[in-house]
Amino acid sequence: MKAKPKAKKADKQIVVDSLKTTLSGAQALYYTDFTGLNVKRMTELRKRLSKAGVEYVVIKNTLALRAVNESGLVSQRLKGPTGVVVAKDAITAAKVLSDFAKENDQKPSVKGGLYEGNAVDAEMVKKLASLPTREDALSIFAGYLNSIPMMFALALDARKAQLEGSN
């Protein structure tokens, strides 16, 4: 029986460089423990994340840590099987992870991560998931902006009716 050949140092560096490239421009990085998810569920998670414009990478902890640290960020030590969620939109990624976990017995679980360069824990990722997405926030803001001139027009119309009624 032959022993499995070890990955060469150059191959490992290619994996690290690839993850570093993926990390550039990312707003958030979440570490997940996917233990308990079968291949079908993992494929479904990857599809959902991909549809939302989020990358999901399963990589050795040491290589993930090295890529993050070489990117100028500081990350916590990782233990156990780890999937790395790399997102340009942190809230959308958190929502997809949270919704998927609710449907699948809280799997994958979030170990922690980085948001805008700062360390976050699983609780913070849950809070991010509860925030409105960028598009939702912009539509709420546009609604507020639209309501100001509308309320002003209604006030003017009421005042006009009031003045006409007194004559």
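General remarks:
- Within a Gaussian network of the chain (alpha carbon springs, distance under 10 Å), most fluctuating of L154, L49, L114: L154
- Per-residue Karplus couplings for region 50-62, computed as 6.51 cos²θ - 1.76 cosθ + 1.60 with θ equal to phi - 60°, are listed in order as 4, 4, 8, x, 10, 9, 10, 10, 9, 8, 4, 4, 5 Hz, Gly and Pro entered as x.
- Taking the charge dipole of the chain about its Cα centre, with +1 at Lys and Arg Cβ atoms and -1 at Asp and Glu Cβ atoms, the residue from M151, N61, T22 reaching farthest to the positive side is N61.
- The simple spin-label model puts a point 7 Å past each Cα toward its Cβ; for K40 and M151 those points are separated by 5.3 nm.
- Among the GluC sites (Glu not before Pro) in region 65-145, those placed in a DSSP loop whose Cβ has at most 16 other Cβ atoms within 10 Å are E116.
- Straight-line cross-link partners of K95 among the lysines, defined as a Cα under 16 Å from its Cα and at least 8 positions apart when in the same chain: K47, K51, K107, K111, K126, K127.
- Student exercise, the chain dipole from Lys, Arg, Asp, Glu Cβ charges, in Debye to nearest 20: 1220 debye
- Relative contact order (percent, whole number), region 71-167, Cα cutoff 8 Å, 6+ residue spacing: 24 percent
- As computed over region 108-167, the Cα convex hull volume per residue (Å³): 116 Å³
- With a simple spin-label model that places each label point 7 Å from the Cα along the Cα-to-Cβ direction, the separation between K88 and K47 comes to 2.4 nm.
- For V120, the amide hydrogen comes within under 5 Å of the amide hydrogens of G113, L114, Y115, counting only partners 5 or more places away or on other chains and with H modelled in the peptide plane.
- Candidate lysines - alpha carbon under 16 Å from K9, same-chain residues fewer than 8 apart omitted: K60
- The relative contact order of the chain comes to 26 percent, based on Cα pairs under 8 Å that sit 6 or more residues apart.
- Rg to Rh quotient for region 9-131, alpha carbon positions, Kirkwood Rh: 0.94
- Whole-Hz Karplus values for region 133-144 come out as 5, 4, 5, 5, 5, 5, 5, 5, 4, 4, x, 5 Hz, taken residue by residue from phi with 6.51 cos²θ - 1.76 cosθ + 1.60 and θ = phi - 60°; glycine and proline positions read x.
- Less than 5 angstrom separates the built amide H of T82 from those of I59, all sequence-distant by 5 or more or on a different chain.
- Sparse-neighbourhood loop sites, trypsin sites (Lys or Arg not before Pro) in region 78-167 - DSSP loop, at most 11 other Cβ within 10 angstrom: K79
- Sum of -39500 (n - 2.57) over DSSP H runs of 4+, divided by residues of the chain (222 nm, nearest 500): -18500 deg cm²/dmol
Here, each number is a calculation from the coordinates, and none is a lab measurement. Bear in mind the structure is a predicted one, so any value in this text is a computation, not a measurement. Here Cβ is always computed from backbone atoms with ideal geometry, including for glycine, and neighbour counts include all displayed protein chains.
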